[in-house]
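One structure is given below, represented as structure tokens, and several questions about it will come after.
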């Protein structure tokens with residue numbers, strides 16, 4: 001598969017998720033019958049957070065970036081791959097009325113769902129833009145903080161994602177990421193597996209490469225947490241790791 005084919009597969013699947021009301025960032029085999037609320041709590045969301053905008057919580061992601069992002073009143077926050085807006089709505093509660101949150105997602109159904117959620121729950125300072133995180137639709141030096149939750153692994157060209165993130169951040173800006181990385185190369189057949197692609201595995205890169213691309217984009221990196229046990233808990237022993245990090249411009 002080339003990059004355009006991968007993006008079309010991802011758009012189709014996540015469009016279906018938006019319409020159906022939820023899944024998880026893994027293959028159906030590892031999701032089992034676990035509900036979105038249970039999934040979210042296992043990823044670090046509180047019961048209050050899970051219940052705050054239930055329509056926006058689709059059980060996606062591999063962490064809770066708003067829990068470790070140092071958000072404050074007045075910040076302008078960008079969410080890379082915002083989905084139905086769950087992390088955006090949690091972020092805006094921290095940045096307040098003087099702040100703003102912008103979510104970017106390439107799936108039309110997700111953006112439509114997120115906009116509807118913003119209207120329903122009265123969040124005028126949350127904006128959702130249809131766009132590709134490899135070509136961010138934002139001005140340079142316009143954002144205080146970037147968050148992203150298990151989405152960059154889906155992007156075929158991670159170098160473009162990181163360079164774009166660096167571009168739109170203000171000097172001294174920070175990026176907080178929760179994502180999946182590989183601990184070993186996947187066999188070719190797994191790299192071409194559509195379920196593993198939309199499940200945050202086939203599109204992931206080796207941890208060393210992920211960190212190298214961030215550094216080459218200009219970021220100083222601090223690893224906040226690593227979880228290799230997730231490999232057995234949720235991914236059937238595949239060589240993956242959940243990585244949480246802070247990147248400083």
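The values are calculated or read from the model by the stated rules, or taken from the named source; none is laboratory data. Keep in mind that what you see is a predicted model, and the values were worked out from it rather than measured. In this analysis, Cβ positions are derived from the backbone assuming ideal geometry, glycine residues included, and neighbour counts consider all displayed protein chains.
Just to be sure I understand, how many residues within segment 184-201 are in contact with a strand residue (DSSP E or B) (Cβ under 6 Å, 6 or more places away or on another chain) and surrounded by fewer than 17 Cβ atoms within 10 Å (Cβ to Cβ)?
0
Okay, residues lined up against (1) closer than 30 Å to residue 139 by Cα; (2) modelled with pLDDT of 95 or more; (3) touching a helix residue (DSSP H, G or I) at 6+ places or on another chain (Cβ under 9 Å):
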site: 14; (1), (2), (3): yes, no, yes
site: 36; (1), (2), (3): no, no, yes
site: 43; (1), (2), (3): no, no, no
site: 49; (1), (2), (3): no, no, yes
site: 54; (1), (2), (3): no, no, yes
site: 66; (1), (2), (3): yes, yes, yes
site: 77; (1), (2), (3): yes, yes, yes
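Moving to a separate point now. Does segment 33-73 hold any residues that are free of Cβ contacts under 8 Å to residues at least 40 places away in the same chain, in a loop (DSSP other than H, G, I, E, B) and surrounded by fewer than 15 Cβ atoms within 10 Å (Cβ to Cβ), and which are they?
Once the filter is applied, which keeps residues that are free of Cβ contacts under 8 Å to residues at least 40 places away in the same chain, in a loop (DSSP other than H, G, I, E, B) and surrounded by fewer than 15 Cβ atoms within 10 Å (Cβ to Cβ), segment 33-73 yields 33, 34, 35, 46, 72, 73.
Could you count how many residues in segment 108-127 are more than 17 Å from the chain's Cα centre (by Cα) and over 25 Å from residue 3 (Cβ atoms)?
The first filter runs over segment 108-127 and keeps only residues more than 17 Å from the chain's Cα centre (by Cα), leaving 112, 115-125.
Next, from what is left, pick out any that are over 25 Å from residue 3 (Cβ atoms): 115-125.
Counting residues in segment 108-127 that are more than 17 Å from the chain's Cα centre (by Cα) and over 25 Å from residue 3 (Cβ atoms) gives 11.
Sticking with this one: Just to verify a result, which residue in segment 130-149, among those that are touching a strand residue (DSSP E or B) at 6+ places or on another chain (Cβ under 6 Å) and within 16 Å of residue 14 (Cβ to Cβ), is surrounded by the fewest Cβ atoms within 10 Å (Cβ to Cβ)?
Let us first name the residues in segment 130-149 that are touching a strand residue (DSSP E or B) at 6+ places or on another chain (Cβ under 6 Å), namely 131, 133, 137, 141, 143-149.
Now narrow it down to the ones that are within 16 Å of residue 14 (Cβ to Cβ): 131, 133, 148-149.
Working: 131: 17, 133: 27, 148: 26, 149: 26.
Step by step, filter segment 130-149, then rank; the result is 131.
Every residue in segment 201-249 that is assigned to a helix (DSSP H, G or I), without any contact (Cβ under 8 Å) to a residue 60 or more places away in the chain and under 18 Å from residue 185 (Cα atoms), please.
Result: 207, 208, 209, 210, 211, 212, 213, 231, 232.
Sort through 130, 136 and tell me the only one that's within 16 Å of the chain's Cα centre (by Cα) and farther than 27 Å from residue 39 by Cα. Break it down stepwise before answering.
Numbers: 130 fails: farther than 27 Å from residue 39 by Cα.
Only one candidate passes the filter, namely 136.
How many residues, within segment 231-240, are surrounded by 21 or more Cβ atoms within 10 Å (Cβ to Cβ) and either at positive phi or modelled with pLDDT of 80 or more (or both)? Outline the logic, then answer.
Keep residues of segment 231-240 that are surrounded by 21 or more Cβ atoms within 10 Å (Cβ to Cβ), which gives 234-235, 238, 240.
Checking the rest, the ones that are also either at positive phi or modelled with pLDDT of 80 or more (or both) come to 238, 240.
Count: 2.
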